[in-house]
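Report on the following structure.
Any read-out appearing in this document is the output of simple, stated calculations on the displayed coordinates, not a laboratory observation. Not measured: the values here are computed from a predicted model. Here the Cβ is made from the backbone with ideal geometry for all residues, glycine too, and neighbour counts use every protein chain on show.
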Amino acid sequence: MKTRYFSTFQLFLMTLFAVLIVVAKIALRLPLQLSGHSGVFWMAIIIVGSRVVPKIGSASLIGLLSGILASFLGLGDFGAINTLLSYTMIGVGTDLALLLLGNPENLFVAGIAGALGHFCKFLVKWAFGAITGAPVGFIALGLAKAIVGYIVFGAIGGILGGLTLIALRKAGYFKYLQEKK
């Protein structure tokens, strides 16, 4: 009998994290008017989700699931395909960073993973803006300012995710998950 890579329980957990990302995007709006400021919320959730389900590809799947949900809800500024790719690339970039750097409970690793994951979202938005010729707000403000915003807010979100993981470990959450297997 072939074993599945993700268990049903792990798929359920990743779906919950994907829903949490979409809810955070809708409900938690900061009036900062800076490019990439929502990365504080996104990246914290992705980092926590990638450690709660500690398998390669978990962040990518969380990103894909949240992208599907966000597309159906009409979130995003360039349409459904851009939304789906943006959300998915956040997960892919985070997975790549965590694959190369290791444990996201290390705050440096979490910050770098958050910055890289959120920067991937910037790249998708920039590519769609360049391809379609749309008046992209962050291009009008200047690419350097937007890039810095995406990296800084992504890193802050990654560090918040790392701090959350440390708190979950101290609270015994990961031991609890091991008992439930």
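The table below gives the values:
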{"quantity": "Hits in segment 79-100 - residues which are surrounded by fewer than 16 Cβ atoms within 10 Å (Cβ to Cβ) and within 22 Å of Ile166 (Cα to Cα)", "calculated": "Leu99, Leu100"}
{"quantity": "Total residues in segment 87-114, condition over 13 Å from Met43 (Cβ atoms), in contact (Cβ under 8 Å) with a residue 24 or more places away in the chain and of a type in the set (Gly, Ala, Ser)", "calculated": "0"}
{"quantity": "Any hit, segment 103-114, residues being among the hydrophobic types (A, V, I, L, M, F, W, C), surrounded by 20 or more Cβ atoms within 10 Å (Cβ to Cβ) and touching a Ser or Thr at 6+ places or on another chain (Cβ under 7 Å)", "calculated": "yes"}
{"quantity": "Segment 148-179: number of residues that are among the charged types (D, E, K, R) and closer than 30 Å to Gly36 by Cα", "calculated": "1"}
{"quantity": "Conditions (1) more than 20 Å from Lys175 (Cα to Cα); (2) out of contact with any His (no Cβ under 9 Å at 6 or more places or on another chain); (3) part of a loop (DSSP other than H, G, I, E, B); number of the one not met by Gly36", "calculated": "(2)"}
{"quantity": "Test result for Ile46, part of a helix (DSSP H, G or I), out of contact with any strand residue (DSSP E or B) (no Cβ under 6 Å at 6 or more places or on another chain), among the hydrophobic types (A, V, I, L, M, F, W, C) and crowded, with 21+ Cβ neighbours inside 10 Å", "calculated": "yes"}
{"quantity": "Some residue of segment 96-112 being in a helix (DSSP H, G or I) and over 27 Å from Lys175 (Cα atoms)", "calculated": "no"}
